[in-house]
Amino acid sequence: MLEGDQDQEEDQGGLRNDGRRAAELRKIRVRMGVFGQADGSAYLEQGNTKILVAVYGPHQPRGSAARAGGKNVGGIINCQYSTAVFSFSAGERKRRPRGDRKSIEKSLQLRRAMESIIQLDLYPRSQIDVFVEVLQIDGSEYCVAVNAATLALIDAGIPIKDYAIGCTASLIDSTSKNDEDSSHAAGVVDATYMEECSPGATLSIIALPGSSNDATKGLVVVAQGAGQRLHLSRLEALRNRALCGCRDIRNILDRAVRQHLTVHSQPSFSTLHVID
Amino acid sequence: MLTTKTFFRKTKRGNIFKIVREHYLRDDIWCGSELCNKCLHKNRDVILSNENPGAKSSSFPFPYYLVLDTNIVLDQINILEENTLCNVIIVQTVLEEVRHRSSNVYKKLKDIIGDPKRKFYIFINEHHKETYIEREPGEKVNDRNDRAIRVATKWYNKHLGLSQTRKEDKHNIKVILLTDDTNNKELAVKDGLYAATMQEYVSSLEDGTLLLDKLCKQSYALEGENKEPLFPLHRTPAELHEGIKRGKLLQGTFLASRENFLEGSVNVEGFEKFVLVQGRVGLNRAVDGDIVALELLSEDQWSAPSDIVLQDEEEDPGDILEEEKELIKQKSIPSTEKTPTGIIVGIIRRKWRQYCGILQPSSVKGNTRHLFVPAERKIPKVRIETRQSETLSKQRIIVAIDSWPRNSRYPLGHFVRALGNIGDKETENEVLLLEHDVPHSRFSDAVLSFLPKLPWVITESDVAQRVDLRHLDICSVDPPGCTDIDDALHCRDLENGNLEVGVHIADVSHFIRPGTALDDEAALRATTVYLVDKRIDMVPELLSSNLCSLRGNEERFAFSCIWEMDHDANVIEKKFCKSIIRSRQAMTYEEAQLKIDDKTQKDAIAFSLRRLNELAKKLKKRRMDNGALVLASPEIRFQVDSETHDPIDVEAKKLRETNAMVEEFMLLANITVAQKIVAEFPECAMLRRHPEPPQTNFEPLIKAGKHQGFIINTNSGKELAKSLEEAQKRDNPYFNTMLRILATRCMMQAVYFVSGMLHPNEFYHYGLACPIYTHFTSPIRRYADVIVHRLLAVSISADATYPDLLDKRKNHALCHNLNYRNRMAQYAGRASVALNTHLFFREKVQNEEGYILFVRKNALQILIPKYGLEGTLYLSKKGETSAVNFIYDEEDHSQKCGNIVFHSFDPVTVQLSLDRSNVQHEKLVFKLVKPEIPGFSIPDQNTESVADQPTTPKVRGKRKSNQNQKQSRSSKKK
């Protein structure tokens, strides 16, 4: 299918497989405050990627995190990234939801992202737990998890410096036909599972797009792909494309948050905002 | 707007997955018509014009656009390729269906769409808000797609209608759906659409008669009625699938036999031997190359390949099957000879392409039905309909097969185009190139635009980036008349007593930049193809014969590989650099040889050549000791008349010491570069390997050796080389060469590959007996070398890298193409030699000494060393009862007649003449002269008529004749 993907792109007159253009995001659905028990929670859908996040805290440090971070003056963030066993659309099942290396790595990266936006010095010797549950996977799940975690923190009322927003950019096909016409040459944003599986590389970027004009601030870059290496000459374009996507997502989430706050003073189960 | 696509997919294991995907519908997809004033399209996306959009048709007397159904594109692609049809809308549904069904047609369709004159517009109906439709419950996928096409047509009519109301009906363009599916057409008419079949449409066109010939034929009307179908039914795809899954049926590629049209074999994966299929029922309409499903017969019904040579020579006998006596009357075959036999029960995938050939002369004048005889013997004759048989009967034509109904003895097809008159050199060459799929059209303007502008000068910055080697006494040694000189050599003394040896290769990668149209074209062509009188260049001539060619006394860019060696040819140090060189002299092998031998010559070049020659001998010896094989293949060269390009003399090629000298250093350079790039790029280096052949391949060689009392040991390359070396016969000096020819035929093809795709153990080059090898030395005529140059340039930081160069998979796909083109180029070269051999023997009858290479059941395979020619001497012919009876001994592989016995390798004298009775396959006829067998051999009439021909005033067209030779050097190199 090496050539097929490229052909498909041409056949669709520059549209992607699912009918989007290169820089278009998937439909985003936001719901905040879905759990009564948690201090903050959010449910986020980007296309068919669906993620639930609950935030507990700040509270007194407990468990291993407390012991390890005992000397720290600032607060501790504890992240748990878990993927539901049924989350794959392709029908296969994940063996265990968490504890494998990938999940641990993602937890760690998520913690870094959260640390960069939470003002930890406000919470000395306290702990904030962020539990991420991936319910359904259709590409870009780590980025969506970060977005959802940000929303959950907002819902929990924890002050943050800025939205931490994740967005992927994927080279569907790494052909180097230096074709300026093809908008896909710079990569497509918000990749679906199918696009992530294509031979090109996928770049996941977590950015704080609103904090300043300097978009590169607070950047976490995670590259992934089907065993592919990303050629250095394409990194810049790909990164810009992803940052563009981050800004778009931020605007959408920001609107959703504001709407949520104006309409509901109390978190409620019954409403679902649909904002695209 | 959003909808989801949900579908179920079954995996190979039988698991069923549910797949859910999003499917976005848009309102910004435009119609692409000039007429439209509602769509907001950019100018370059407006493709369909509003003035005279369609060809004049009697059934549609108004301007119109066409919408095509999938079956039209798949079957009638040859009509679409004609320029008559313009302003056509291809809906995405159709495009995708075509892509899944036939990559070949898809490629052609994309070419047509890419041609701005044709005005083909792709309408993305599947993502359009108004034309997307859901599959209804119970609706088949095909029906849903047909409906989607109709909905799109309807939408167009409405859309254009709205745009046109304001324009006072000036244009009033309608949209017509072309479909060959009767059901679809009926439904379309019911919906109030204009619809027609291709046949209706083409016959209604004003100038459509020629197009009618190209109509695809799907049905075949019987002349007589109520006849039994000739062939058994093919099973349905579902049955085949089930059968294969359960292991009842086997899947494989069908290979027709070249010698016997009622026989073929199927290459089944996992089977060591090919599965034999015999007879019309057994073959059941399979055509060479098809992927078929086959049922294995029980062991008692197995049979052996018949040794007879059988050709379908009859006139059209109507649709009866003659009794297949020849095959049926097989005697009881010894069970050891029996091979697995099967019958074909279904076709999984047709691999039909277009075939070159001629019309079979028809006895009835004015008939529109004709039989077409393909040039390739493996392909059956084809029924076609044409109204131009008068003119076409003298021409070579191309025909496509459309279908093969059960009641027709031959497949049905249609005429595609004519190539030219039979017998014209140009036409024959064209046939040859087409049959071997050699891209040979003129270089397009886009490609030429990337050539450097003349006059080309070396600038200051060029000098700064390169090592200046203009002071070295470099020279090149090539076959006479060679214009694409890609290698040059030098050798000089160093102060420490060692030698410095340099190989300088044309720096083609400097001119061919990655990603340009020039690069794409070169990658597609992959290799320069050498025919006897013609060269099909891989890169445009300006590069191949001028700017890249290392001509004498001109400053050129080179990629140099320089070694420091001691006098025993041990490499002490090596380095690579991009350089500027000035070759002192471009020599031929002969000139170089003379220079080496002539002791009075004492200039720098003579010195360097002598040193190189000495080193080469040492290198060669070392290589031989390692177990490198010396293989032989009968090769000849033609002396070609410079005016008419007709061959006037044939001779076997001579090899001089200097040939070996150049070859030795090229091998060394290739190996050195291979080591370097694989060290730098373990994942993506492009290398060449020559796999060790399986032992079964050697069987004929071992057998042949045994009959002559020699034991050929094939356990390893080294042992094989040793046994071949020892198998000498005093009374038959050519014996050893023949043995080597046989050994060559046991070998596998050497192939390019990407290092990351294989285990390092598999890099081995069997023929050269070296663990790693690549091609670096001929970038002008091989694309693989260009890639290797780029890799090497990156590794010495002389050039920038680019993504594709390091992409393992891309390179793997590229290797596939290179290997395919290489093989085809080789075959084309051989076919060209055969063609010229025939031209040479056209007016001659000649006696020649020859040897028996193989003994077959009804024939002897004869090799004539003088011409490197191989042919068949038939001992008995079908239907003829000869006065002389030969007795075939299968054990001994010999033919016996009276007290004369023919064994392999026995010398014979044969008379050669050209049989021109079959225009398509002129063939050389071998007749036995010696040993004499009364009633069979012919008297030894001295061929004085030939000997008397003047030999001196030949104007020898050396330039062209020798291109052939150059290639052979490379082919030996493997």
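Quick one: which helices (runs of 4 or more DSSP H) sit completely within the range B:388-496 and have at least 2 residues that are charged (D, E, K, R)?
Of the helices (runs of 4 or more DSSP H) lying wholly inside the range B:388-496, those with at least 2 residues that are charged (D, E, K, R) span B:425-435, B:460-465.
Scan the range A:83-135 residue by residue and report those that are open to solvent by 40 Å² or more (accessible area, probe 1.4 Å) and part of a strand (DSSP E or B).
A:Phe88, A:Phe131, A:Glu133, A:Leu135
Could you give me the residue pairs with C-beta distances under 7 Å whose first residue belongs to the range B:273-291 and is at positive phi, whose second residue is in a helix (DSSP H, G or I) wherever it lies, and which are 6+ apart or on separate chains?
Hits for this filter: B:Gly279/B:Leu327.
Residue under question is B:Ala526, and the condition is that it be within 30 Å of B:Ile397 (Cα to Cα), open to solvent by less than 30 Å² (accessible area, probe 1.4 Å) and small (Gly, Ala, Ser); does it hold?
yes
Being facing another protein chain (nearest Cβ under 9 Å) and not in a helix (DSSP H, G or I) is the filter; apply it to the range B:82-123 and report the residue that is farthest from the chain's Cα centre (by Cα).
Ranking the candidates gives B:Phe123 first.
Restricting to the range B:516-537, name every residue that is closer than 21 Å to B:Tyr752 by Cα and in a loop (DSSP other than H, G, I, E, B).
Correct list: B:Ala526, B:Thr528, B:Asp537.
Modelled with pLDDT under 85, among the aromatic types (Phe, Trp, Tyr) and open to solvent by less than 60 Å² (accessible area, probe 1.4 Å): does that describe B:Phe254?
No.
Within the range B:456-485, which residues are modelled with pLDDT under 90 and among the hydroxyl-bearing types (Ser, Thr, Tyr)?
B:Thr459, B:Ser461, B:Thr483
Give the residue, chosen from A:Ile160, A:Ile137, that is aliphatic (A, V, I, L, M), touching a strand residue (DSSP E or B) at 6+ places or on another chain (Cβ under 7 Å) and within 14 Å of chain B (Cβ to nearest Cβ).
Selected residue: A:Ile137, the only one of A:Ile160, A:Ile137 that is aliphatic (A, V, I, L, M), touching a strand residue (DSSP E or B) at 6+ places or on another chain (Cβ under 7 Å) and within 14 Å of chain B (Cβ to nearest Cβ).
So that you can scan it fast, the table gives a plain yes or no per residue for (1) farther than 30 Å from B:Leu547 by Cα; (2) polar (S, T, N, Q); (3) touching a residue at least 12 places away in the same chain (Cβ under 8 Å):
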position: B:Glu564; (1), (2), (3): no, no, yes
position: B:Ala569; (1), (2), (3): yes, no, yes
position: B:Lys574; (1), (2), (3): no, no, yes
position: B:Cys577; (1), (2), (3): no, no, yes
position: B:Ser583; (1), (2), (3): no, yes, yes
position: B:Ala586; (1), (2), (3): no, no, yes
position: B:Tyr589; (1), (2), (3): no, no, yes
position: B:Gln593; (1), (2), (3): no, yes, yes
position: B:Lys602; (1), (2), (3): yes, no, no
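Could you say whether any residue in the range B:683-702 is in a helix (DSSP H, G or I), modelled with pLDDT under 85 and hydroxyl-bearing (Ser, Thr, Tyr)?
yes
In the range B:743-766, how many are among the β-branched types (Val, Ile, Thr) and closer than 28 Å to B:Phe710 by Cα?
1
Among residues belonging to the range B:66-91 that are among the polar types (S, T, N, Q) and in contact with a Gly (Cβ under 8 Å, 6 or more places away or on another chain), point out the one that is least open to solvent (accessible area, probe 1.4 Å).
Filtering the range B:66-91 for residues that are among the polar types (S, T, N, Q) and in contact with a Gly (Cβ under 8 Å, 6 or more places away or on another chain), the one least open to solvent (accessible area, probe 1.4 Å) comes out as B:Asn87.
Would you point out the residue of the range B:124-143, among those that are within 39 Å of the chain's Cα centre (by Cα) and not in a loop (DSSP other than H, G, I, E, B), that is nearest to B:Asn183 (Cα to Cα)?
So the residue we want is B:Asp143.
Among (1) more than 14 Å from chain A (Cβ to nearest Cβ); (2) in contact (Cβ under 8 Å) with a residue 24 or more places away in the chain, where does B:Glu843 come up short?
In the conditions (1) more than 14 Å from chain A (Cβ to nearest Cβ); (2) in contact (Cβ under 8 Å) with a residue 24 or more places away in the chain, B:Glu843 misses (2) alone.
With the requirement that a residue be in contact (Cβ under 8 Å) with a residue 40 or more places away in the chain, more than 7 Å from chain A (Cβ to nearest Cβ) and assigned to a loop (DSSP other than H, G, I, E, B), what does the range B:16-40 give you?
Selection gives B:Asp27, B:Ile29, B:Cys31, B:Gly32, B:Leu35, B:Cys36, B:Asn37, B:Lys38.
Residues are listed down the side, and each one gets a yes or a no for (1) under 30 Å from B:Ser832 (Cβ atoms); (2) open to solvent by less than 50 Å² (accessible area, probe 1.4 Å); (3) over 23 Å from the mean Cα position of the chain (by Cα):
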| site | (1), (2), (3) |
| --- | --- |
| B:Thr427 | yes, yes, no |
| B:Glu430 | yes, no, no |
| B:Leu433 | yes, yes, no |
| B:Val438 | yes, yes, no |
| B:Asp445 | yes, no, yes |
| B:Leu448 | yes, no, yes |
| B:Ser461 | no, no, yes |
| B:Gln465 | no, no, yes |
| B:His471 | no, no, yes |
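Would you mind finding the one in B:Ala488, B:Ala523 that is at pLDDT 90 or above, within 14 Å of chain A (Cβ to nearest Cβ) and under 37 Å from the mean Cα position of the chain (by Cα)?
Of the residues listed, the single one that is at pLDDT 90 or above, within 14 Å of chain A (Cβ to nearest Cβ) and under 37 Å from the mean Cα position of the chain (by Cα) is B:Ala523.
Residue check, B:Arg610 against (1) in contact with a Lys or Arg (Cβ under 7 Å, 6 or more places away or on another chain); (2) farther than 24 Å from B:Tyr530 by Cβ, all met but one. Which one?
Of the numbered conditions (1) in contact with a Lys or Arg (Cβ under 7 Å, 6 or more places away or on another chain); (2) farther than 24 Å from B:Tyr530 by Cβ, the odd one out for B:Arg610 is (1).
Condition (residue is modelled with pLDDT under 90, assigned to a strand (DSSP E or B) and in contact with a Pro (Cβ under 9 Å, 6 or more places away or on another chain)) applied to the range A:45-65: is it met by at least one residue?
Scanning the range A:45-65 turns up no residue that is modelled with pLDDT under 90, assigned to a strand (DSSP E or B) and in contact with a Pro (Cβ under 9 Å, 6 or more places away or on another chain).
What single numbered condition from (1) surrounded by fewer than 24 Cβ atoms within 10 Å (Cβ to Cβ); (2) assigned to a helix (DSSP H, G or I) fails to hold for B:Thr801?
(2)
Looking at (1) modelled with pLDDT of 75 or more; (2) more than 11 Å from chain B (Cβ to nearest Cβ); (3) crowded, with 22+ Cβ neighbours inside 10 Å, which is the one condition that is false for A:His184?
(1)
Looking at the range B:473-493, which of the residues that are in contact with a helix residue (DSSP H, G or I) (Cβ under 6 Å, 6 or more places away or on another chain) and open to solvent by 10 Å² or more (accessible area, probe 1.4 Å) is farthest from B:Glu590 (Cα to Cα)?
B:Asp473
The values are calculated or read from the model by the stated rules, or taken from the named source; none is laboratory data. From a predicted model like this one, the values you see are computed outputs, not experimental measurements. All Cβ positions, even for glycine, are placed from backbone atoms using ideal geometry, and neighbour counts span all protein chains on display. With ligands, DNA and RNA removed, areas are computed over all heavy atoms of the protein, side chains included. Shrake-Rupley method; radii C 1.70, N 1.55, O 1.52, S 1.80 Å.
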